[in-house]
Amino acid sequence: MSVNSGNENGGNNSFVKVVIACVAAFMFFSVWQFSSWFGIDMPTGGEIIIGWIVTTVLAGAILRFGNKYKQIRFKKTWPIILALFWLFFWPALNFWSSKAGPGSVMSHDSSLELTSLNTQWFSTWYTKLGGLVIIAAIWGFVKIFFSRKE
């Protein structure tokens, strides 16, 4: 009766584990550096990086396949890509707002209860919507400018 040691592949199994550990360490280090650089916590930094990676992959797919399908050409979809980058930056705005100034979520009164849920101006819904409106306005102006040249 032979006992299966679970290591029939020789060193391949340990090599895969080392590669996975190295990739995980690189990803952790990248998120940590990004979060430290922007002054945010790691979960927020991870959300932003994942969102930006998804948006970058989407932009790459549009560049790659946009010539086959006229409706998804990059010149028609670049405002959506910019809007997605802006949308995925919102968690950082929320984090900074929670850490900033009196009346923020992180401030406490003498009874150790949260005082108020006032947010800073850069994390309000109208500022975030304003960023999207600015992206749409830039798209409109660029579209008008280039349509006059043709």
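The values are calculated or read from the model by the stated rules, or taken from the named source; none is laboratory data. Everything numeric here is computed off the predicted structure, so don't read it as measured data. Positions of Cβ are backbone-derived with ideal geometry, glycine not excepted, and every protein chain shown enters the neighbour counts.
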Completion exercise
Every listed condition ((1) at pLDDT 90 or above; (2) over 24 Å from L132 (Cα atoms)) holds for L84 save (2)
Problem - Condition broken by Y69, with the remaining ones in (1) crowded, with 16+ Cβ neighbours inside 10 Å; (2) over 14 Å from the mean Cα position of the chain (by Cα); (3) hydroxyl-bearing (S, T, Y) satisfied - result: (1)
Problem - Which numbered condition T55 fails, given (1) under 13 Å from the mean Cα position of the chain (by Cα); (2) at pLDDT below 90 - result: (2)
Handout entry: Count - residues of the stretch 60-80 that are within 20 Å of W139 (Cβ to Cβ) and at pLDDT below 85
Key = 9
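Would you be able to tell me the number of residues in the stretch 113-132 that are at pLDDT below 85, among the aliphatic types (A, V, I, L, M) and surrounded by 11 or more Cβ atoms within 10 Å (Cβ to Cβ)?
From the stretch 113-132, those at pLDDT below 85 are 113-123; that's our starting set.
Among the residues that remain, those that are also among the aliphatic types (A, V, I, L, M) are: 114, 117.
If we keep only those that are surrounded by 11 or more Cβ atoms within 10 Å (Cβ to Cβ) as well, we get 114.
Of the residues in that region, 1 qualify.
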